[in-house]
1. Using only the heavy atoms of the protein chains and a 1.4 Å probe, how would VAL16, VAL141 rank by accessible area, largest first?
2. Using Cβ-Cβ distances only, list the Cys residues of the chain with no partner cysteine under 4.7 Å, sorted by number.
3. Find how much the distance from GLU64 to ALA23 grows on full extension, using 0.36 nm per residue of separation minus their present alpha carbon separation; answer in nm with one decimal.
4. For the chain, report the accessible area per residue in Å² (1.4 Å probe, heavy atoms, rounded to an integer).
5. Quick check: residue separation of THR145 and ARG91 times 0.36 nm, minus the Cα distance between them. What number comes out in nm?
6. Would you be so kind as to identify which of ILE123, ASN60, ALA74 lies farthest towards the positive end of the dipole of segment 1-125, taking Lys and Arg as +1 and Asp and Glu as -1 on Cβ and the Cα centre as origin?
7. Compute the length gained on full extension between GLN3 and ALA40: take 0.36 nm times their separation in residues and subtract their Cα-Cα distance, giving the result in nm to one decimal.
8. Angle check, please: helix 82-96 long axis (alpha carbons) against the longest principal axis of the chain (alpha carbons), in degrees 0 to 90, nearest 10.
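The values are calculated or read from the model by the stated rules, or taken from the named source; none is laboratory data. Computed from a predicted structure; not experimentally measured. Positions of Cβ are generated from backbone atoms using ideal geometry, with glycine treated the same way; all protein chains shown enter the neighbour counts. Ligands, DNA and RNA are stripped out before the accessible areas are found, and what is left, the full protein with its side chains, is counted by its heavy atoms. Shrake-Rupley method; radii C 1.70, N 1.55, O 1.52, S 1.80 Å.
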Amino acid sequence: DQQEIINRFTDLGIMVDWKPLKALTNRRNQLEHYWTDASAEVLRELVADAAMIVRDLLQNVLGEDPQDLLGVLAWSAMLESESLFEAERERCLKTLEPISWRSPTMAGAVDEIQCHSCRSSLIEQRDLDNADQGAAEFRCVGCSTEPELEEIVEGALANVLFADLYMAATDGGDPPIW
């Protein structure tokens, strides 16, 4: 049962915030008896919090990629939770921090990096210690695509410089990227 799991994790030195799981269990018990005073939004938040526990256990305790273990469909469904998505977004951005971008414009466009396949902003750098832009290897956490550096840079710069690109196309002049 839940308490046995908590005790075993504690004995193994695995630290987990169990409050979300306990809250989910309490609501589950209510639902088993066809009654709850929780709104649909509260129930969604409880499930999202439980998804965070699953992600933390897979990544931080087991050292595994949740998408690999759960599959793309299950992982994508979990990422629909705003709290899990934001936590993953923050983690992905931290993997990009060490990169020494060759262009100050690109350094300012990191928030605009997207997957060319699924349009997810959950792009991580594979080697957390890499600082060389040219050696960076990327992976989309949303769909497992491994975009090339050129795709990453072109897409991010196009997002940041869209107004300049539009003006160059309509009014003439040199485009900001070529």
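1. Per-residue accessible area, sorted high to low, gives VAL16, VAL141.
2. Within the chain, the cysteines lacking a partner Cβ under 4.7 Å are CYS92.
3. 12.1 nm
4. On a per-residue basis, 63 Å².
5. Extra length from THR145 to ARG91 when fully extended: 17.7 nm.
6. ILE123
7. 10.7 nm
8. 50
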